[in-house]
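Taken together, the values in this text are just the output of simple stated rules run on the coordinates, not laboratory data. Just so you know, these numbers come straight off a predicted model, no measurement behind them. Cβ atoms come from the backbone with ideal geometry, glycine included; neighbour counts cover every protein chain shown.
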Amino acid sequence: MKIKGMRWWIVVLVFLAAVLNYVDRQTLSALAPTIQADLGLDDREYANILNIFLVAYTLAYLVSGKLVDRMGTRHSTLLFVVWWSVSNVATAWAQGMRSMGMLRFSLGLGEAGIWPAASKVVSEWFPSRERALAIGFYTMGATIGATAAPYIVIPLATYDYAANLPSIHSLFGHGTGWRMAFLATGLMGFIWVIPWLLLYRKPRENNFVGQAELELIEDGTAETAASDEKAWPWAKVLRFKPLWLLLVGRLLTDPVWYFYQFWFAKYLNTDRGVAQSDLTITWVIYAAAGVGSLAGGWLSGVLIKRGVAPVKARLWVMLGCACLTPLSPLVATVSGLPLTMVLTSVAVFASLSWLINISALIVDVSPRHSLGTIFSVVAAGSTLGGIVMNMIVAAMVSGPSTKPAGFLDAGFRQVMGPLLDLASGQGYSPWFMAMAFLHPLALLFLWTGGISRPAPPSTNKS
């Protein structure tokens, strides 16, 4: 049996994996005030837990890309989803900073792998003119997951288990609500595994793909040439100049999106007086992120169809995004929550449109046989940027800590102590100001570094 448009059904599965990925990730952020109060965590400890997740994420990126290239997309993706689902389920039994940190570390080890795997899916299943749209579609799954997370986990966390489900309350005891949120969201991953195993194979090995679609998929992809060359060793990967350009580009700009994921709900709660039960309003910014994901991919695809080279098409869209992100400082200065949410939505729209196109650039310029590895190294720059952002923002909003410094605090202070001292206790406003400059700076770096100039043929097979 042939399924029309099978490539889009495949990307729907990746989209759903991204939804689950972000629901599991955002459970902690959505319930942060409750969990912090229940486990006695201050803002620095909360930031450390976020950074423990990101440290694992960074380490996993460096390994997961190689796993994708060696194990193949089908089996590696299965491994990643099962791993992070088990980790999220286990978080229901966290008892404090140490156990929560360990379980979030495990979650990060699993969750990172879905993104190099997803990029490999796109390279295997889509011609170049459709890649950014496909990336935008599955990335929209992340924003939908982040949007849905508060609506899923807040009701689970606030339900009266003692009165209505005493057997569950007796199982978990104190904090039953937020513990059930982790348990329920983690179990969703095991359901997703079923259609993935049934449907996913490479296009030429997939019995559901028709001949016409197979020809479309392979149009201009030089699949045969790419498959003749073995995956690069690490030494050659690290000599690939576009890798370093794109790594720095994401290191500078991804902290903006991380901030809106990890800190914006807390900002609304502490600085704007929004109660936790009303933090579902954050769906607005995640909806904007989803629209930005699709719009960024669609627009660069339109430019490519009109004859613009793929790399230049991505850069033109990124230029437009870099012209919008300087609105960020206004978020912290305007009065009234509605205008705040409008400005935030514009900034997030631009940030995600940018992210889709810089991700598509990785697929455009990398040889397919080593795409997973290159993508994972570039993405490691993203998480490093997120770690730096978390440490700076934590210092800004909390000032000097009354608790002993954790290993992340101590290590980061050795490197950037003066910056932390300068930022300490300044509140969120300086970070909103900094976000105005990150995307324009990154675009300047990519353009002057030569990302728009094609690599020599020997290193640009894809």
message = If each DSSP helix of 4+ residues adds -39,500 (n - 2.57) and the sum is divided by the residues in the chain, what number results at 222 nm, nearest 500 deg cm²/dmol?
response = -25500 deg cm²/dmol
key: Phe437 paired with Thr270, simple spin-label distance in nm, labels 7 Å along Cα-to-beta-carbon   = 2.4
task = Determine the gain in length on full extension of the stretch Phe190-Leu59; use 0.36 nm per residue of separation and subtract their C-alpha separation, reporting nm with one decimal.
result = 44.7 nm
note = Once phi for every residue in segment 363-374 is put through the Karplus expression 6.51 cos²θ - 1.76 cosθ + 1.60 (θ = phi - 60°), the whole-Hz ³J(HN,Hα) values, with Gly and Pro written as x, are 5, 5, 9, 9, x, 4, 5, 10, 4, x, 5, 4
ask   = Quick one: if the Förster radius is 41 Å, what FRET efficiency do Ala235 and Val86 give, using the C-beta to C-beta distance and rounding to 0.05?
value = 0.75
query = Per q in 0.10 1/Å, what log10 I(q)/I(0) does a Debye calculation on the alpha-carbon atoms of segment 1-139 return?
reply = -0.38
ask   = Mind checking which lysines have their C-alpha under 22 Å from Lys66, skipping anything on the same chain fewer than 8 residues away?
value = Lys120, Lys202, Lys230, Lys236, Lys241, Lys461
task = Take Tyr151, project a point 7 Å from its Cα along the Cβ direction, then tell me which residues of segment 260-281 have their backbone nitrogen under 15 Å from it.
result = 278-281
query = Any idea what the relative contact order of the chain is, in percent, if you count C-alpha pairs under 8 Å spaced at least 6 apart?
reply = 25
note = Taking a crude spin-label model, label points 7 Å out from Cα along the C-beta direction, the Glu218 to Cys323 distance in nm is 4.2
request  = Using every Cα-Cα pair within segment 160-312, state what percent have a distance larger than 27 Å.
outcome  = 61
task = Specify which labelled value, from [x] 42, 23, 22; [y] 35, 26, 20; [z] 53, 27, 27, agrees with semi-axes √(5λ) of the Cα gyration tensor in Å derived from the coordinates of the model shown.
result = [y]
message = Using a 7 Å offset from Cα along Cα-Cβ at Trp447, what residues in segment 296-323 end up with backbone N under 15 Å from the label point?
response = 312-323
note = Exposure-ranked with fewest Cβ neighbours within 10 Å first, Leu319, Leu355 stand as Leu319, Leu355
Inter-site label distance for Asp160 and Trp316 at 7 Å from Cα along Cβ, in nm = 6.0
